[in-house]
Structure formats: structure tokens, C-alpha cells
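No value in this document is a laboratory result; all are computed from the given coordinates. Source: prediction; values computed, not measured. Ideal geometry is used to build each Cβ from the backbone, glycine not excepted, and the neighbour counts take in all protein chains shown.
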Amino acid sequence: MSIRRAREVLRIEADAIQRLIPRVGRSFEAAVTLLAGCTGRVVVTGMGKAGLIGQKLSATLSSTGTPSHWVHPAEAIHGDLGRITKDDVLIALSNSGETEELTRLLPVIKRIGSRMIALTGNPKSTLAKHSDAILDVSVTREACSLNLAPTSSTTAMLAMGDALAVVVAERKGFQEKDFALLHPGGQLGRRLLLTVRDIMRTGRSHPIVREQARVKQVLLAITRARAGCASVINAKGALTGIFTDGDLRRHLDSMRNLAERPVREVMTRNPKTIGADGLAAEALRVLREYKIDELVVVDGGHKPVGLLDVQDLLKAGFV
């Protein structure tokens, strides 16, 4: 019984969204034009469950390049109307379109001079009559067995709000780099914003040795730095090679007195490098392409300034 009922609820709500598709027309276009051309902020308001959907819509608009904030309609009539200006566009959500807390705001909103968009289940309501654009989100019934609890109606509001936010973002030319700027903590943000400089190892964490240094000295330097390799430089300080645990294993059996040999005899010459201002995403690509674990970070004079290990990318939550 419970499974059958749950499936029925989903069908009812899916049907509510399907019925929105043919309603998207001139009024929707007018709403998009208002939002895309807004020189202030998009203020979203609604009471009860519709208000919760409004908070989500406001958050979606903000995260996709349209500055927005949510205002509680009851608080608005007690001073928060000061957060709304003539340059703003107000989006009001109400299934009935007759919500008292909203209708009391309408005369004041008109005096302020804000433009208004209504998401309502009643296109002939008081709210709709005072709006510049009306988005019809009416449903044939709620999924609730009593046909009372906001279920299908809030789903319809949510879907229409998403459609509105997505189309506005595209109208404004919102791109991946813009999304990353507003989501620096997300995976995409890290990929597009995180640079090698942000996570590379420097100072004591980056062992740098001369070409003539003996292998045992290099191993001690690597151990002290808790690193996986050492950068090898010439007399001018320019990078000439890298010594890794792989180099050690390759020469351990074939070379006598390996510990006493100068590192230049066993190091990997011309290692892969990257600049400090390069993206961490590019560093990851190089590490994967060449199946290596470390990249030496160099400056314009090819002098080592840092070290990037694949573990550093892991710690940064990049992979």
C-alpha cells in the first residue's frame, strides 16, 4: 500500500510539472526580461511553504549571477520594506494569490515603484492583478490525500522558479567561470580557481639540493622535509633534475656505493615542471598524463620555487 501510494504521489507531482510546460509563453518572457534587466536586486517573498520555495528560488538566483535576497512578508510590514527599492524586482509566491500578508504589501510596493512578478495558482487573484508578469503554477490537485497540504503546488512553484532562474542566467551570459567565482568551495570552483601557488610546498617542505650532493645527503633532506622527492639545481640555482624514490629503486641494485654517488648521476633530468600561477587542474592533468606523482614548480628563470605532490591535490579536496 505504501509503495503504491508513494508512486501515486510522484505521478501527481510529475503531472503538475508537465502541465507547466505549455503555459510558458509571453508572460514568462516578460518575467525573464524584468529579471535580466533589474538594476537593483531581486527580492523574493512568500508565506508558509510558498515562502520556503521562495527562499530556495532566491538562493538559486544569487548563485547563478542574479543578486537576490528573501524577505518575510510579515516582517516586511513591520519595517523590512526598507530593504526594497524602486530599482528592485519583487517575486511573490502564493498559491491562492490572496495571502493576507502579501496583499497588504501591494499598495506599498506600488508606491516604492518596484516591478513585480507573481508565481501563483490563481491568475485572476489580487496578487496577479497587481503584478507586471504572472506565472501560472496552478495544479489540478495536491498530492496530499486531503487535497490540502501544499505538495503539488509547491513542486510546481519550485520547478517554475528553477526554469526562471536558469533562463535568466543564460540571458545574462552567466558562464562556468562565473559559477566558480560564486562557488569557491565546490568542486567546480576548485577546478577553475585553485592555483598551484595555493597548495604547493615551499621552504622546509621542499628539499632543494645541489647536483654534487651525495645521494645519502639527498635522502636525508627528503626525509626531513617529509617529501617524496628533491629538486636538483646547478651552480646558478636553475633546476636540472629531480630525485625520487623511483630513481633510488632503479639504481639500488645496479650501482655500487649508491649512497656516496653524486645525485646528478642518478637523478631524472629535465623533469616535468609547472608555474606557480598555473591552475591546479592543469597540474593534475600533467601528473595523470605522464603517470608521475610530483611536479617541480619553477619561476621564469627555471629556478624551483615549490613542489607539488599528488597528495597535495588530495588534501585540497581536488581529486
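Mind pulling the per residue volume of the convex hull built on the Cα atoms of segment 2-174? Å³ is fine. Walk me through the numbers on the way to the answer.
Values: hull volume 18.9 nm³, N = 173.
Expressed per residue, the convex hull around the Cα atoms of segment 2-174 is 109 Å³.
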(Q) Take R104 and A238, extend 7 Å from each Cα along the Cα→Cβ direction, and tell me the distance between the two endpoints in nm. (A) 7.7 nm
Q.
Between helix 280-289 and the chain, what is the angle of the helix's C-alpha long axis to the longest principal axis, kept within 0 to 90° and rounded to the nearest 10?
A. 60 degrees
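Which value in deg cm²/dmol, rounded to the nearest 500, describes the helix-derived mean residue ellipticity at 222 nm for the chain, given -39,500 (n - 2.57) per DSSP H run of n ≥ 4 and division by the residue count? Kindly include the intermediate steps, with their values, before the conclusion.
Details: 15 runs with 136 residues, N = 319.
Calculated from helices alone, the mean residue ellipticity at 222 nm is -12000 deg cm²/dmol.
Where in segment 230-316 are there trypsin sites (Lys or Arg not before Pro) that are in a DSSP coil and have at most 16 other Cβ atoms within 10 angstrom of their Cβ? Display every interim value, and only then the final one.
On the way: sites: K236, R249, R250, R256, R264, R269, K272, R285, R288, K291, K315; in loops: K236, R256, K272, K291.
When the trypsin sites (Lys or Arg not before Pro) of segment 230-316 are filtered for loop state and at most 16 Cβ neighbours within 10 Å, K236, R256, K272, K291 remain.
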Q | Antiparallel %, DSSP beta bridges [both residues in segment 196-315], to 5 | A | 70 percent
Q) Fewest to most neighbouring Cβ within 10 Å: what's the order for C144, C229? A) C144, C229
Q) With contacts defined as alpha carbon pairs under 8 Å and 6 or more residues apart, what's the relative contact order of segment 2-174 in percent? A) 27 percent
Q. Using 0.36 nm per residue, how much length does the chain from Q212 to E29 gain when fully extended, once their Cα-Cα distance is taken away?
A. 58.7 nm
Q. Which Cα, out of G121, A259, S138, lies furthest along the positive dipole direction of the chain (beta carbon charges, K/R +1, D/E -1)?
A. A259
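For segment 72-134, which trypsin sites (Lys or Arg not before Pro) pass both filters: DSSP loop (anything but H, G, I, E, B) and at most 14 other C-beta atoms within 10 Å? The partial results should precede the final answer.
Working: sites: R83, K86, R104, K110, R111, R115, K124, K129; in loops: K86, R104, K124.
The qualifying sites are K86, R104, K124.
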Q: Specify whether the C-alpha gyration tensor of the chain places it in the rounded, prolate or oblate class, a ≥ b ≥ c being the square roots of the eigenvalues: rounded for a/c under 1.5, otherwise prolate if a/b is larger than b/c and oblate if not.
A: prolate
Q. What shape does segment 196-315 take by its C-alpha gyration tensor, where a ≥ b ≥ c are the square roots of the eigenvalues and a/c under 1.5 counts as rounded, a/b above b/c as prolate, and the rest as oblate?
A. prolate
(Q) Tell me the relative contact order for segment 196-315 as a rounded percent, counting alpha carbon contacts under 8 Å between residues six or more apart. (A) 31 percent
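Using the structure shown, list the pairs from K49/K86; K172/K315; K172/K303; K49/K124; K56/K291 with a Cα-Cα distance above 32 Å, or answer none.
In this structure, K172/K315; K172/K303; K56/K291 exceed 32 Å between Cα atoms.
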**Q.** Net +/- balance of residues flanking A225 in space, Cβ distance below 10 Å, scoring K and R +1, D and E -1
**A.** +4
Q) Shape of segment 72-172 from its Cα gyration tensor (a ≥ b ≥ c, root eigenvalues): rounded if a/c is under 1.5, otherwise prolate when a/b > b/c, or oblate? A) oblate
Q: Return one number: the angle in degrees, 0 to 90 and rounded to the nearest 10, between the long axis of the Cα atoms of helix 26-36 and the longest principal axis of the Cα atoms of the chain.
A: 50 degrees
(Q) Just want to confirm a number: the relative contact order over the chain, from Cα pairs under 8 angstrom separated by 6+ residues, in percent. (A) 14 percent
Q: Could you point to the residue in I53, F174, C38 farthest towards the positive end of the chain's charge dipole, with +1 and -1 charges on the Cβ of Lys/Arg and Asp/Glu respectively?
A: F174
Q: Fewest Cβ neighbours within 10 Å first, please rank T273, T154, T120, T33 accordingly.
A: T33, T273, T154, T120
Q. Among V24, V137, V263, what is the fewest-to-most ranking by other Cβ atoms within 10 Å?
A. V24, V263, V137
